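> Can you read through this structure? Questions will come right after.
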Amino acid sequence: MRYYFAPMEGITDGIYRRNHHRFFPGVDRYFMPFFSPTIHRSLTQKENRDLPLAESEAFAAVPQVLTKVPGDFLWAAQVCLDRGYTEINLNAGCPSGTVVSKGKGSGLLRDPNGLDRFLDGIFESSPLPISVKTRLGLENPEEFPALLEVFNRYPIKELTIHPRVRKQFYSGDVDMALFRYAWANSRNPLCFNGDILGLDRVEALESEFPGLEAVMIGRGLLADPGMLSGGTEKQALEAFMNALLDEYTAAFGSARNAMFRLKENWGFLHASFDGCDKLWKRLRKTTDIAEFRAITGEIFGTLELK
């Protein structure tokens with residue numbers, strides 16, 4: 001079983017990935033938040049920074065691309081190859097309204113025939129192996145069998161399935177019946193993604209799906225960064241968060257901007273501390289970096305991790 005860290009837009013950037021790997025072992029591959037090629041065929045300053053040379057990192061990372069244009073995908077794949085990456089991931093699952101309205105992300109799932117044409121265009125010429133991250137469909141789980149039939153026509157390196165439809169976003173139960181259908185009918189290796197909040201869930205998946213290639217964990221690792229190394233210790237978590245604050249401050253040129261970035265992390269972390277609701281409410285509201293430091297210091301100094 002391989003363990004992947006899911007791409008989380010606005011959170012798991014290069015600074016986060018490097019520090020997570022430094023403090024918490026166990027992740028086999030970090031999937032990068034997507035970048036979206038444009039007609040200009042050039043990376044933005046941020047995209048360039050977040051797509052370093054593969055050999056410069058001490059861990060394995062996989063770039064993810066968001067597009068509906070085969071030529072743009074192939075350009076991105078060549079950029080990734082030139083930077084030393086050995087795999088590229090297609091985002092066919094992002095549920096964001098602005099993404100879907102443009103026919104990207106899970107918007108690709110709206111039309112199986114259109115998806116087929118797109119995949120044909122990228123698999124014909126891609127210089128890198130392609131993995132795919134997808135959902136069950138756009139509106140209705142009954143869309144999935146036709147989509148899986150399309151995916152089965154291509155040599156996908158690994159098909160990561162988040163067993164929800166787009167309109168669910170991240171609410172409601174994952175549809176295990178349809179993942180079982182995929183397990184029985186997929187011609188490509190599968191990875192499971194969705195609601196993995198502890199190693200007990202991983203063990204249950206291994207038991208039900210012997211030979212499952214991998215699991216991809218997102219929110220579970222944000223809330224419990226040390227999950228894969230036996231659980232998060234408070235001392236390591238405090239050191240990790242302090243390192244993030246220092247590096248974001250240097251990168252953004254502002255401790256205040258770094259604070260706002262880290263509030264995204266605390267949105268997941270606070271629930272891991274017993275009795276954190278009041279302090280989290282204060283932390284969420286503050287716009288003062290000194291107060292932010294004081295509140296986080298109080299959390300680490302007075303509360304216990306669950």
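> Taking only the range 1-41 into account, find how many residues are open to solvent by less than 40 Å² (accessible area, probe 1.4 Å) and in contact with a strand residue (DSSP E or B) (Cβ under 8 Å, 6 or more places away or on another chain).
Residues meeting the conditions: 16.
> Output the residues belonging to the range 44-62 that are in contact with a helix residue (DSSP H, G or I) (Cβ under 8 Å, 6 or more places away or on another chain) and open to solvent by less than 40 Å² (accessible area, probe 1.4 Å).
Within the range 44-62, 50, 51, 52, 57, 59, 61 meet the criteria.
> Check residue 143 against each of (1) buried (at least 18 other Cβ atoms within 10 Å of the Cβ); (2) in contact with an Asp or Glu (Cβ under 6 Å, 6 or more places away or on another chain) and name the one condition it does not meet.
With (1) buried (at least 18 other Cβ atoms within 10 Å of the Cβ); (2) in contact with an Asp or Glu (Cβ under 6 Å, 6 or more places away or on another chain) applied to residue 143, the lone miss is (2).
> Does any residue of the range 28-37 turn out to be touching a helix residue (DSSP H, G or I) at 6+ places or on another chain (Cβ under 7 Å) and assigned to a loop (DSSP other than H, G, I, E, B)?
Filtering the range 28-37 down to residues touching a helix residue (DSSP H, G or I) at 6+ places or on another chain (Cβ under 7 Å) leaves 30, 32, 35, 37.
Keeping just the survivors that are assigned to a loop (DSSP other than H, G, I, E, B) gives 32, 37.
Among the residues of the range 28-37, at least one is touching a helix residue (DSSP H, G or I) at 6+ places or on another chain (Cβ under 7 Å) and assigned to a loop (DSSP other than H, G, I, E, B), which makes the answer yes.
> What pairs come out if I take residues in the range 40-53 that are assigned to a loop (DSSP other than H, G, I, E, B) and pair them with residues that are among the charged types (D, E, K, R) whose C-beta lies under 7 Å away, six or more apart or interchain?
51/83; 53/83
> Among the listed residues 96, 56, 101, 42, identify the single one that is over 18 Å from the mean Cα position of the chain (by Cα) and under 25 Å from residue 222 (Cα atoms).
The unique qualifying residue is 56.
> Just the residues that are in contact with a Lys or Arg (Cβ under 8 Å, 6 or more places away or on another chain), under 19 Å from residue 222 (Cα atoms) and open to solvent by 20 Å² or more (accessible area, probe 1.4 Å), please, taken from the range 183-203.
Across the range 183-203, the qualifying residues are 195, 197.
> Give me a count of the residues in the range 151-166 that are of a type outside the set (Phe, Trp, Tyr) and surrounded by fewer than 21 Cβ atoms within 10 Å (Cβ to Cβ).
The first filter runs over the range 151-166 and keeps only residues of a type outside the set (Phe, Trp, Tyr), leaving 152-153, 155-166.
Then keep just the ones that are surrounded by fewer than 21 Cβ atoms within 10 Å (Cβ to Cβ); that gives 152-153, 155, 157.
Qualifying residue count, the range 151-166: 4.
> With respect to residue 296, determine if the residue is in contact with a helix residue (DSSP H, G or I) (Cβ under 8 Å, 6 or more places away or on another chain), at pLDDT 95 or above and part of a loop (DSSP other than H, G, I, E, B). Full working, then the answer.
Working: in contact with a helix residue (DSSP H, G or I) (Cβ under 8 Å, 6 or more places away or on another chain): yes; at pLDDT 95 or above: yes; part of a loop (DSSP other than H, G, I, E, B): no.
So residue 296 fails the test.
> Can you find even one residue in the range 64-82 that is open to solvent by 10 Å² or more (accessible area, probe 1.4 Å), over 22 Å from residue 155 (Cβ atoms) and in contact (Cβ under 8 Å) with a residue 24 or more places away in the chain?
To start, the set of residues in the range 64-82 that are open to solvent by 10 Å² or more (accessible area, probe 1.4 Å) comprises 68-72, 74-75, 78-79, 81-82.
Adding the requirement that they be over 22 Å from residue 155 (Cβ atoms) leaves 82.
Subsequent filtering for residues that are in contact (Cβ under 8 Å) with a residue 24 or more places away in the chain retains none.
Checked against the condition, which is being open to solvent by 10 Å² or more (accessible area, probe 1.4 Å), over 22 Å from residue 155 (Cβ atoms) and in contact (Cβ under 8 Å) with a residue 24 or more places away in the chain, the range 64-82 yields no hits at all.
> Of the numbered conditions (1) among the basic types (Lys, Arg); (2) surrounded by fewer than 16 Cβ atoms within 10 Å (Cβ to Cβ); (3) within 16 Å of residue 223 (Cα to Cα), residue 261 fails exactly one; give the number of that condition.
Exception for residue 261: condition (2).
> Being charged (D, E, K, R) and touching a residue at least 24 places away in the same chain (Cβ under 8 Å) is the filter here, so list the residues in the range 99-116 that pass it. Let's see the steps before the verdict.
Step one: list which residues in the range 99-116 are charged (D, E, K, R), which gives 102, 104, 110-111, 116.
Those that are charged (D, E, K, R) and touching a residue at least 24 places away in the same chain (Cβ under 8 Å): 102, 104, 110, 116.
The values are calculated or read from the model by the stated rules, or taken from the named source; none is laboratory data. All figures in this text were calculated on a predicted structure; none of them were measured in a lab. Every residue, glycine as well, gets a Cβ built from its backbone with ideal geometry; the counts of neighbours run over all protein chains shown. Quick note on the areas: whole protein, heavy atoms, side chains included, nothing else; ligands and nucleic acids left out. Shrake-Rupley method; radii C 1.70, N 1.55, O 1.52, S 1.80 Å.
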